[in-house]
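Chemist: Attaching a single structure in structure tokens format; questions to follow.
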Amino acid sequence: MSIGKRIKERRKALGYSAEDLAKRLGKSPATIYRYENGDIEKLPGDLLAPLAELLNTSTSYLLGLDEDIPPAVPRQITDQELKFALWGETDTIDDADLAAVRHYAAFIKERKHKE
């Protein structure tokens with residue numbers, strides 16, 4: 001299986017859109033689609049590790065050196081990623097507010113599991 005197919009497979013297994021992945025990597029969605037479709041065959045070396053991390057896998061798996069498919073469990077979103085997702089480029093939220101956001105999200109998740 002090609003690296004592009006592995007990227008697409010992992011992205012879909014984790015429920016990410018190409019737009020999500022592009023935004024997190026600082027690339028355009030078109031570039032992500034080009035990687036996935038094999039239009040760009042060689043991934044830049046500085047992109048491989050961040051891509052593997054976002055896709056909750058290893059660089060070895062993406063490169064086809066490891067055939068073990070990792071479980072499709074999303075990784076924990078970092079505080080910086082959460083700040084960016086909710087407030088964009090600004091860092092106007094402090095740590096206490098960020099903790100409150102995480103607490104409320106956990107509350108909603110638990111409530112949904114009880115329904």
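Chemist: Give me the residue from region 33-65 that is of a type in the set (D, E, K, R) and surrounded by 13 or more Cβ atoms within 10 Å (Cβ to Cβ) and, out of that set, nearest to LYS12 (Cα to Cα).
Modeler: GLU36
Chemist: If you don't mind, there's one more thing I want to ask. Starting from residues that are among the hydrophobic types (A, V, I, L, M, F, W, C) and in contact (Cβ under 8 Å) with a residue 40 or more places away in the chain, keep the ones in region 1-60 and report whichever is farthest from ILE77 (Cα to Cα).
Modeler: The qualifying residue farthest from ILE77 (Cα to Cα) is MET1.
Chemist: Here is a list: ALA22, ALA13, ALA30. Which entry is of a type in the set (A, V, I, L, M, F, W, C), surrounded by 15 or more Cβ atoms within 10 Å (Cβ to Cβ) and at pLDDT 90 or above?
Modeler: ALA22
Chemist: Can you name every residue in region 1-60 that is charged (D, E, K, R), within 16 Å of GLU81 (Cα to Cα) and not in a helix (DSSP H, G or I)?
Modeler: Selection gives LYS27 alone.
The values are calculated or read from the model by the stated rules, or taken from the named source; none is laboratory data. If you're wondering where the values come from, they're calculated on a predicted model, not measured in any experiment. We place every Cβ from the backbone using ideal geometry, glycine too, and count neighbours over all the protein chains shown.
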